[in-house]
Structure formats: structure tokens, C-alpha cells
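To start, the structure itself, in C-alpha cells.
The values are calculated or read from the model by the stated rules, or taken from the named source; none is laboratory data. Worth saying up front: this structure is predicted, and the values here are computed from it rather than measured. Cβ placement follows ideal geometry from the backbone for every residue including glycine, while neighbour counts extend to all protein chains displayed.
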Amino acid sequence: MFQPDLLKGKVVLITGGGTGLGRAMSERFLELGARLAIAGRREDVLRAAAIEMEALGGEVLPVPTDVRDPDRVAAMADIVWKHFGQLDVLVNNAAGNFASPTERLSHRAVDAVLNIVLHGTFYCTLEIGKRWIAGGSKGVMLNIVTNYASSGAGSAYVVPSAAAKAGVLALTRSLAVEWGHYGIRQVAIAPGPFPTPGARERLVPSASAGDAVAELNPMGRVGQHAELANLASYLISDGAGYVNGEVVTIDGGEWLEGAGEFSHLRSLTPEQWDAMARQARAAKG
Ligand code: HXC
Ligand code: NAP
């Protein structure tokens, strides 16, 4: 789909790059010629991921970090610059989430999500952005949000995540305007359902609920990691140089489903449609 050297010469830092969608993006960026730093809290997970990915070719630097801690975020940036001498792209992908009735949440549960998603993303953005501006470097920041943020609707039962991701989207759009003249682009991807172990363990109550997500989607399926990784590759590439402050939703049209009063009619059989047509025609006469 792309020139094989689309991202050659670029250094990309991906938070949460050792698992799930972060790992999928990492693998694709490597294939397209980028050099990578992957960050996360679990050092063993990061190191194993880096070894496995380097076996496919390319360079992957594991950087254990907790994005909730600004000092550790600064140390992460130091390590990346010391190792590579540059950074071209930051992908804010690290997140925390779980499904729960909101009235069951303690304030610590709210903070657990907000601190990773909103504060963590902000700390990484601030740390890297200041360095780019001070050094006169251009760069791209790609924020991974969710379709319930890009739709503006939020979502019941994941309310801290909905509030935090909406904040990240506001950060994306606000800084697109403020930092555009430095040559720093802000873009976001809003995924719908892309099964990963991290999401399944925290958000899917049963296997049948997972199947229902696919069946209810207008495309009749969930997303494939490669589809998201290709979109991310385009957005961080120079080919997307004039895309700034934009969020691209990739969810098979899921968020639009709730917007149409008649969308549920998709479940009607051809016979039921025939009956509906007969009824409507009869009403006319
Ligand atoms: C209610 C919960 C809870 C739950 C934790 N808490 N899980 N409350 N329901 N399921 C409460 C705890 O009781 C505690 O409050 C507080 O939250 C902090 O818990 P800790 O375990 O100490 O938190 P911490 O170690 O910081 O872990 C953060 C985490 C965890 C978010 C809770 O799940 C995590 O590390 N997640 C990272 C990976 C992740 O979430 N991946 C999924 C991303 S998928 P008290 O009051 O008891 O002390 C995603 C998809 C979105 O974002 C869109 C899908 C379509
Ligand atoms: P995941 O594998 O659980 O990814 C979360 C990653 O964030 C992990 O690698 C985790 O590593 C890291 N992380 C969490 N807290 C951190 C912290 N404090 N500091 C540093 N790293 C931290 O889940 P995923 O499904 O791939 O999600 C990836 C992104 O896609 C998230 O932004 C998520 O909200 C978004 N998304 C996913 C879906 C989906 O269907 N999968 C849908 C919409 C949006 P450690 O635990 O080792 O720190």
C-alpha cells in the first residue's frame, strides 16, 4: 500500500508500544523504515517486544516509563535523544480503561484512568513539544483516542475514559493551531472495536458480548490491526504534511449507527421487507 521506505529516517516514540494496537503500529512503522522507541510500565513486556520486533529487522529501543510521572517522562525523552539524537514522531497510545457503572467508582478509580489518558498524554506532549520548539525541530504528534470521543457523544459505563479522551481530542485541536507555525502537526485516530487482550480483559464481559460487537457493526466485523497501523503510517508520514488537527475515525461506521433512527431495520429479513412494502403501499391507497 505504501512505498517501502515511507518512514525511512524517522524516529518514532510510541507509548504503550509493546502491546496491542501500539505493537501493531510499531511493527508497521518498522517495516516502513522507521526507527522506534517503545515506552510502557512493564520492562519485561517492552524488552520481549523489542527483541521480537528487531528479529524482523530494524531498531527498537525499549524505554520503561510511567507516563503519569512527569520526571519519568523527561527521563524517557533524555534516553530517546541520547540514543537516536533526534525524535520525529510521538504517538500517545498508552491508556487505561475498564467498564463499570459510574456510581461504583471511587475517586481513585477516576484518577487511575484520567492520570494515564489525559495527564499522561499531556505530560508527553509537553515534554516533547518543548524540546522540538527549543531545538527548532518539526514533528508530528499522533494521539489515539476512541470513536466515542470523536463522535462527541461520550459513552456510558466508561465515563472516565470518555471524559479523558475528549480532553485529549481538545488538546489535539488546540495545539494544532498553537504549534502549527512551529511545523509541529497534531493528528488523532479514533478507533472503534479492535480486539486486543488489554481491551478484552477490561471491557468485554463475555465471548458472546465480543461476538455481538462484530455483528452489530455496519461492516459486520471488528477492525483489523493492520488497518489501523496503515492509517497511522499515513498520518505520521510527510505525505500527510498538511493534515493538522484532524481526527480520523476508524470503526466501520459504528458511531453513525446510533445517529440513525432507522438503523436497527438492518436486522429485517427480505420477507419482512416485502411485508413492510405491502403495508406501506396499502396505506397509500
Ligand atoms: C471499578 C476499579 C476497577 C474496575 C480498578 N478500579 N479497576 N474500579 N471497576 N474494573 C479501581 C481500584 O479499585 C482502585 O480504587 C483504583 O481503581 C486504582 O486501581 P489500581 O489497580 O491501583 O490502578 P492502576 O494500577 O493504576 O491501574 C490502572 C487501571 C488498569 C486503568 C485500573 O486497568 C491498567 O493498568 N490499565 C492499563 C491498560 C488498559 O487499561 N488497557 C485497555 C485500553 S483499551 P480504590 O478506591 O479501590 O483504591 C481502551 C479501549 C477503549 O482504552 C474503547 C473501546 C471501544
Ligand atoms: P493495551 O494493549 O492495554 O494498551 C495500553 C498500553 O498502555 C499498554 O502497553 C500499557 O503498558 C500502556 N500503559 C498503560 N498505562 C501506562 C502508563 N502509566 N505509562 C506508560 N504506559 C502505560 O490496549 P489497546 O487496546 O492496544 O489500546 C491502545 C490504545 O487504543 C489506547 O489508547 C486505547 O484507548 C485505544 N483504543 C483501543 C480500542 C480497542 O478496541 N482495542 C478502541 C478504541 C481505542 P504497561 O501496562 O506495561 O504500562
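Find the helices (runs of 4 or more DSSP H) located wholly in the range 93-187 whose residues include 2 or more that are free of Cβ contacts under 8 Å to residues at least 60 places away in the same chain, and list them.
107-114, 121-135, 159-179
Just the residues that are over 14 Å from G258 (Cβ atoms) and surrounded by fewer than 23 Cβ atoms within 10 Å (Cβ to Cβ), please, taken from the range 143-159.
Those that are over 14 Å from G258 (Cβ atoms) and surrounded by fewer than 23 Cβ atoms within 10 Å (Cβ to Cβ): Y157, V158, V159.
Could you check P101 against (1) away from ligand 2 (no atom under 14 Å from the Cβ); (2) in contact with a Leu (Cβ under 8 Å, 6 or more places away or on another chain); (3) over 12 Å from L13 (Cα atoms); (4) not small (G, A, S) and say which number it fails?
P101 satisfies all of (1) away from ligand 2 (no atom under 14 Å from the Cβ); (2) in contact with a Leu (Cβ under 8 Å, 6 or more places away or on another chain); (3) over 12 Å from L13 (Cα atoms); (4) not small (G, A, S) except (2).
From the list I128, I133, which one is of a type in the set (V, I, T), buried (at least 19 other Cβ atoms within 10 Å of the Cβ) and more than 15 Å from ligand 1 (Cβ to nearest atom)?
I128
Which of the residues that make up the range 210-229 are assigned to a helix (DSSP H, G or I) and touching a Leu at 6+ places or on another chain (Cβ under 9 Å)?
H225, L228, A229
Return only the number of the condition from (1) in contact (Cβ under 8 Å) with a residue 40 or more places away in the chain; (2) touching a Gly at 6+ places or on another chain (Cβ under 6 Å); (3) surrounded by fewer than 22 Cβ atoms within 10 Å (Cβ to Cβ) that G40 does not satisfy.
(3)
Hey, could you check the range 214-230 for residues that are buried (at least 17 other Cβ atoms within 10 Å of the Cβ) and hydrophobic (A, V, I, L, M, F, W, C) and say which is nearest to ligand 1 (Cβ to nearest atom)?
If we take residues in the range 214-230 being buried (at least 17 other Cβ atoms within 10 Å of the Cβ) and hydrophobic (A, V, I, L, M, F, W, C), then V222 is nearest to ligand 1 (Cβ to nearest atom).
Quick one: I184 ticks every box in (1) touching a helix residue (DSSP H, G or I) at 6+ places or on another chain (Cβ under 9 Å); (2) within 12 Å of ligand 2 (Cβ to nearest atom) except a single one, so which number is it?
(2)
Is at least one residue of the range 74-83 buried (at least 22 other Cβ atoms within 10 Å of the Cβ), at pLDDT 95 or above, in a helix (DSSP H, G or I) and within 15 Å of ligand 1 (Cβ to nearest atom)?
No, that holds for no residue.
Out of curiosity, is G120 surrounded by 15 or more Cβ atoms within 10 Å (Cβ to Cβ) and out of contact with any helix residue (DSSP H, G or I) (no Cβ under 7 Å at 6 or more places or on another chain)?
Spelling it out, G120 is indeed surrounded by 15 or more Cβ atoms within 10 Å (Cβ to Cβ) and out of contact with any helix residue (DSSP H, G or I) (no Cβ under 7 Å at 6 or more places or on another chain).
If only one of V243, V248 is among the aliphatic types (A, V, I, L, M), surrounded by 12 or more Cβ atoms within 10 Å (Cβ to Cβ) and either within 22 Å of L87 (Cβ to Cβ) or at pLDDT below 90 (or both), which one is it?
One residue alone meets the criteria, V243.
Please work out which residue is farthest from ligand 2 (Cβ to nearest atom), limiting yourself to the range 10-27 and to residues that are among the hydroxyl-bearing types (S, T, Y) and in contact (Cβ under 8 Å) with a residue 60 or more places away in the chain.
T15
Can you find even one residue in the range 196-208 that is modelled with pLDDT of 95 or more, surrounded by 14 or more Cβ atoms within 10 Å (Cβ to Cβ) and touching an Asp or Glu at 6+ places or on another chain (Cβ under 7 Å)?
Within the range 196-208, none of the residues are modelled with pLDDT of 95 or more, surrounded by 14 or more Cβ atoms within 10 Å (Cβ to Cβ) and touching an Asp or Glu at 6+ places or on another chain (Cβ under 7 Å).
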